[in-house]
Amino acid sequence: MKPGPKNLITDVPGLKVGNAQDDTLKSGTTVLTADQAFTASVHVMGGAPGTRETDLLAPDKSVARVDALTLSGGSSYGLDACSGVVDALRAAGRGYKLGPAVIPLVPGAILFDLLNGGAKDWQDNPYRALGRAAFDAAAEDFALGTAGAGTGALTAMVKGGLGSASFVLDNGITVGALVASNPIGAVTTPGDRHFWAAPFEVDGEFGGLGPDPAAGLGRNLDSRKMASMMAQANGQSLPQDRGNTTIAIVATDATLSKAQCQRLAIAAHDGIGRATVPAHSPGDGDLVFALSTESHALQNAESDLALIGHAASLCLSRAIARAAYCANPMPGDLLPSWKSPD
């Protein structure tokens, strides 16, 4: 397998991604959509998720396809970004049709970025407008790092961000990942130069420094992020179970059922665990959506699905590292970016 031509989730034919952000707010929204509805499911492994319309993605639920997926900052406020996407889809006449009624289906997930140094004194919730702007900006090319839902994202030690990566398998199937990385854990090893995902890097896509040569890693769980958030909270109690998450989408053009998409989402979670230490904690809302555009028939359902899941986990690890690698320093940042550690 090798990366697709863009090394983005939009290497899966038919997919588009749009970003919208407010740099003063230090937050934003990312929307994935396509020209037609797609099959999707979800799997949650974090202890503190924030979601909208994810129940309908369970394999036993009647609705098989959705029109878009939304990742957003803003904690519970950010769920309103889905409403802006629904507005745009309705205006375009797209959605689930029940007689004359048109109901756009837009599941979403959010991350917590309310204590990241940005201005959060809005009077009207800004996320509905950000959702619509992100949908309107959807294209095959989109920015990584400090963009969209990753605008205000923080990892334990350096800025997080928005990341993406892809693989084209030897059988012609394409797999991609899109992630907003804002975990309680670290994506870099102690010293902040090497990425936990380094063994899976392809062609120097996040610096080419290779794995950390040190041994006995993973025992030190220092967090600049928690210290900075405590300072933003002005000494008030700040439980760790509300302030973090890694939210992601993995996609393929292989023809998968909703149940197979759920299995794909489960497999892709390995990518979070390989790239983030620790992962899937009670204080994270770790969630992976998985979708199929259903344009490439499987030859062997079991073995092909296993390979697609493996590729998705590798893409997600690489996307998480790329999110931090591509993050840019901005005025008022609480944490350094990987590019500018001082």
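The values are calculated or read from the model by the stated rules, or taken from the named source; none is laboratory data. This structure is a prediction, so every number in the text was calculated from the model and none was measured. Cβ placement follows ideal geometry from the backbone for every residue including glycine, while neighbour counts extend to all protein chains displayed. Calculation scope for accessible area: heavy atoms of the full protein, side chains included, ligands and nucleic acids excluded. Shrake-Rupley method; radii C 1.70, N 1.55, O 1.52, S 1.80 Å.
State whether one or more residues within the stretch 296-306 are at pLDDT 95 or above, touching an Asp or Glu at 6+ places or on another chain (Cβ under 9 Å) and either of a type in the set (Lys, Arg) or on the phi < 0 side of the Ramachandran plot (or both). Scanning the stretch 296-306 turns up no residue that is at pLDDT 95 or above, touching an Asp or Glu at 6+ places or on another chain (Cβ under 9 Å) and either of a type in the set (Lys, Arg) or on the phi < 0 side of the Ramachandran plot (or both).
Of the strands (runs of 3 or more DSSP E) lying entirely inside the stretch 63-132, those containing at least 2 residues that are in contact with a Phe, Trp or Tyr (Cβ under 8 Å, 6 or more places away or on another chain) and closer than 17 Å to Thr33 by Cβ span 65-72, 101-103. Only residues that are over 18 Å from the mean Cα position of the chain (by Cα) and open to solvent by 20 Å² or more (accessible area, probe 1.4 Å) were counted in the stretch 114-131, giving 12.
Got a number for residues in the stretch 291-312 being of a type in the set (Gly, Ala, Ser), open to solvent by less than 10 Å² (accessible area, probe 1.4 Å) and part of a helix (DSSP H, G or I)? Give the steps one after another, and end with the answer.
So the first thing to find is which residues in the stretch 291-312 are of a type in the set (Gly, Ala, Ser), and the list is 292, 295, 297, 301, 303, 306, 309, 311-312.
Of the ones still in play, those that are also open to solvent by less than 10 Å² (accessible area, probe 1.4 Å) are 292, 309, 311-312.
Checking which are part of a helix (DSSP H, G or I) leaves us with 309, 311-312.
Number satisfying all stated conditions: 3.
Considering the conditions (1) out of contact with any Ser or Thr (no Cβ under 6 Å at 6 or more places or on another chain); (2) open to solvent by less than 40 Å² (accessible area, probe 1.4 Å); (3) at pLDDT 95 or above; (4) aliphatic (A, V, I, L, M), Ile266 is excluded by exactly one of them, (2). Only one residue in Leu32, Leu79, Leu69 is open to solvent by 20 Å² or more (accessible area, probe 1.4 Å), in contact with a strand residue (DSSP E or B) (Cβ under 7 Å, 6 or more places away or on another chain) and modelled with pLDDT of 95 or more, so which one is that? None of the others qualify; the one that does is Leu79. Identify all residues within the stretch 188-207 that are farther than 19 Å from Leu162 by Cα, open to solvent by 40 Å² or more (accessible area, probe 1.4 Å) and assigned to a loop (DSSP other than H, G, I, E, B); write none if there are none. Passing the criteria: Pro190, Gly191, Asp203.
A count restricted to the stretch 85-112 and to residues that are at pLDDT below 95 and under 17 Å from the mean Cα position of the chain (by Cα) stands at 1. Considering only residues that are open to solvent by 50 Å² or more (accessible area, probe 1.4 Å), charged (D, E, K, R) and at pLDDT 80 or above, which ones fall in the stretch 222-261? Hits for the stretch 222-261 are Asp222, Arg224. Here is the figure for the stretch 35-62: residues that are of a type outside the set (A, V, I, L, M), open to solvent by 50 Å² or more (accessible area, probe 1.4 Å) and outside any strand (DSSP E or B) total 8.
Residues are listed down the side, and each one gets a yes or a no for (1) open to solvent by 10 Å² or more (accessible area, probe 1.4 Å); (2) within 23 Å of Asp203 (Cα to Cα); (3) modelled with pLDDT under 95; (4) hydrophobic (A, V, I, L, M, F, W, C):
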position	(1), (2), (3), (4)
Phe135	yes, no, no, yes
Gly145	no, yes, no, no
Gly150	no, no, no, no
Gly160	no, yes, no, no
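Using the structure shown, decide if Gly218 is at pLDDT below 95, assigned to a loop (DSSP other than H, G, I, E, B) and either touching a Leu at 6+ places or on another chain (Cβ under 7 Å) or not hydrophobic (A, V, I, L, M, F, W, C) (or both). So Gly218 fits the description; yes.
For the stretch 171-182, the criterion of being touching a His at 6+ places or on another chain (Cβ under 6 Å) and under 15 Å from Asp11 (Cα atoms) is met by at least one residue.
Test Tyr96 against the criterion of being surrounded by fewer than 20 Cβ atoms within 10 Å (Cβ to Cβ), in contact with a strand residue (DSSP E or B) (Cβ under 6 Å, 6 or more places away or on another chain), touching a residue at least 24 places away in the same chain (Cβ under 8 Å) and farther than 24 Å from Ser164 by Cα, and give yes or no. First the steps, then the outcome.
Numbers: surrounded by fewer than 20 Cβ atoms within 10 Å (Cβ to Cβ): yes; in contact with a strand residue (DSSP E or B) (Cβ under 6 Å, 6 or more places away or on another chain): yes; touching a residue at least 24 places away in the same chain (Cβ under 8 Å): yes; farther than 24 Å from Ser164 by Cα: yes.
Yes.
Being open to solvent by 60 Å² or more (accessible area, probe 1.4 Å) and either in a loop (DSSP other than H, G, I, E, B) or at pLDDT below 95 (or both), is that true of even one residue in the stretch 316-328? There is at least one residue in the stretch 316-328 that is open to solvent by 60 Å² or more (accessible area, probe 1.4 Å) and either in a loop (DSSP other than H, G, I, E, B) or at pLDDT below 95 (or both).
When you look at Thr155, is it surrounded by 24 or more Cβ atoms within 10 Å (Cβ to Cβ), of a type in the set (Ser, Thr, Tyr) and over 21 Å from Thr24 (Cβ atoms), yes or no? Spelling it out, Thr155 is indeed surrounded by 24 or more Cβ atoms within 10 Å (Cβ to Cβ), of a type in the set (Ser, Thr, Tyr) and over 21 Å from Thr24 (Cβ atoms).
Among the numbered conditions (1) small (Gly, Ala, Ser); (2) crowded, with 23+ Cβ neighbours inside 10 Å; (3) outside any strand (DSSP E or B), the only one that Ala165 does not meet is (3).
Just for the stretch 11-24: of the residues that are open to solvent by 10 Å² or more (accessible area, probe 1.4 Å) and not in a strand (DSSP E or B), which one is nearest to Ser72 (Cα to Cα)? Among residues in the stretch 11-24 that are open to solvent by 10 Å² or more (accessible area, probe 1.4 Å) and not in a strand (DSSP E or B), the one nearest to Ser72 (Cα to Cα) is Asp23.
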